[in-house]
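> Can you keep this structure in mind? I'll have questions shortly.
The values are calculated or read from the model by the stated rules, or taken from the named source; none is laboratory data. Keep in mind that what you see is a predicted model, and the values were worked out from it rather than measured. Cβ coordinates were reconstructed from backbone atoms using ideal geometry, including for glycine residues, and neighbour counts include every protein chain displayed.
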Amino acid sequence: MLAFLSPKIFFSIAALTLLIYSNTQAQSTQKFTFALPENKVNNSLYNKISVLDTRMDTTNMGIIQTGAFNKKTKVIAKEPLNIQFNNILTALTDSTAKPQELLIQLRQLSFIEITGSFNEKGYFYLRAGIYAKQPDGYRQVGAIDTVSLTTSGVDVTGALLKHGSETITDFIAANLNKAPVAATTYKYTDLVKIDSVEKRNLKVYNTTRYTDGLYLTYKSFCNQVPDAPIIVTNNFIDYTMKTPGENGKLKKVKSDKVYAVVYLGQAYIATKYDYYPLKKTNDDFFFTGKASASPSTVSMVTAGVFFGMLGSLIASNAEATFEMKIDHINGEFIRIKEIIDPNAGKYDYN
């Protein structure tokens with residue numbers, strides 16, 4: 001009996017039990033097959049589809065909660081995705097389909113479940129592009145970038161997985177009667193490194209000289225076309241910074257109303273808390289700064305998908321300091337890790 005064990009042996013057994021339990025939790029998986037659609041698409045331009053999976057982690061499709069104790073369980077494909085997507089296409093098309101081939105590129109595909117006080121929430125994140133195969137490469141037919149929410153008072157898992165299936169099916173079905181809309185033709189190797197290819201078309205990713213001024217949106221920052229000039233007092237980027245108003249009179253700049261500022265060639269991200277210097281490393285932009293620990297749906301789910309930190313976000317205090325990365329597509333802040341040092345992100349104005 002445990003009552004007769006020494007404290008040292010007791011805690012050793014407890015630690016070993018916890019380790020075994022943790023490993024069991026981490027290894028728990030649920031095999032998943034996308035449900036086949038019931039409706040057909042007549043006169044499809046395509047009757048074959050291949051899959052290019054460029055997700056950061058291709059070994060699973062996120063985490064759901066199973067059992068009475070909401071055990072964290074990885075969702076894995078029961079069959080290779082290439083087979084599953086061809087089964088979906090076969091179910092969608094009929095004898096009127098033309099013999100052309102599609103390629104679907106999965107950039108994010110993930111289920112995430114969260115248990116709240118009175119309900120369960122399930123998020124499905126899909127970022128994908130669909131391309132028509134051409135003699136000289138691939139041309140885009142359509143794209144999707146969405147985070148959707150499913151809620152339930154008891155168990156959200158079934159509804160979440162069903163919604164994920166429907167989202168994939170609807171996306172494929174919506175593009176079966178469409179010819180390529182984009183003029184650009186990509187080689188397969190271009191699609192494999194699509195992030196880098198996209199960044200080559202964004203001015204801010206291709207310069208080391210940033211234009212001084214005030215940027216209201218991520219788009220203007222990308223294009224390096226300031227929305228307004230700024231006037232800085234004593235080389236100090238803070239709430240005293242001003243910009244000309246509509247009548248030409250100077251007004252203070254509120255950090256929660258702008259996306260970024262550039263002063264003396266240094267770019268700063270603006271949040272409702274402060275201005276934080278932006279640093280470019282390996283073709284990505286990073287900054288360290290304070291943020292609400294209740295992030296937007298997109299940034300929260302993206303952080304969970306990219307870095308497995310969803311639980312730490314939920315458990316954080318009302319405010320916390322994070323190392324963050326800029327999503328080059330939409331300018332969202334992807335939280336990489338929480339920084340404990342309260343002075344992290346501060347910078348020397350001198």
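> Out of 94, 57, I need the residue that is modelled with pLDDT under 95 and acidic (Asp, Glu). Which one? Talk me through it step by step, then tell me what you get.
Values: 94 fails: modelled with pLDDT under 95.
None of the others qualify; the one that does is 57.
> Quick check on this structure: which one of 10, 32, 69 is surrounded by 12 or more Cβ atoms within 10 Å (Cβ to Cβ), at pLDDT below 95 and either in the same structural domain as residue 178 (by TED's automatic domain parsing) or basic (Lys, Arg) (or both)?
On the way: 10 fails: either in the same structural domain as residue 178 (by TED's automatic domain parsing) or basic (Lys, Arg) (or both); 69 fails: surrounded by 12 or more Cβ atoms within 10 Å (Cβ to Cβ).
Just one listed residue meets the conditions, 32.
> Can you tell me which residue in segment 220-240 is nearest to residue 204 (Cα to Cα), limited to those that are modelled with pLDDT under 90 and either surrounded by 18 or more Cβ atoms within 10 Å (Cβ to Cβ) or of a type in the set (S, T, N, Q) (or both)?
Initial filter on segment 220-240 (modelled with pLDDT under 90): 233-240.
After this cut, where a residue has to be either surrounded by 18 or more Cβ atoms within 10 Å (Cβ to Cβ) or of a type in the set (S, T, N, Q) (or both) as well, the list is 233-235, 237, 240.
Details: 233: 26, 234: 27, 235: 23, 237: 21, 240: 26 Å.
Per the criteria, the residue is 237.
> Considering only residues that are basic (Lys, Arg) and in a strand (DSSP E or B), look in segment 127-166 and name the one that is nearest to residue 34 (Cα to Cα).
Restricting attention to segment 127-166, the residues satisfying the condition of being basic (Lys, Arg) are 127, 133, 139, 162.
This time we only want the ones that are in a strand (DSSP E or B), so: 127, 133, 139.
Working: 127: 17, 133: 24, 139: 26 Å.
In this case the residue turns out to be 127.
> For the condition in a helix (DSSP H, G or I), of a type outside the set (D, E, K, R) and either more than 22 Å from the chain's Cα centre (by Cα) or closer than 30 Å to residue 71 by Cα (or both), what is the one hit in 267, 173, 182? It would help to see each step written out before you state the result.
Numbers: 267 fails: in a helix (DSSP H, G or I); 182 fails: in a helix (DSSP H, G or I).
Matching residue, one of 267, 173, 182: 173.
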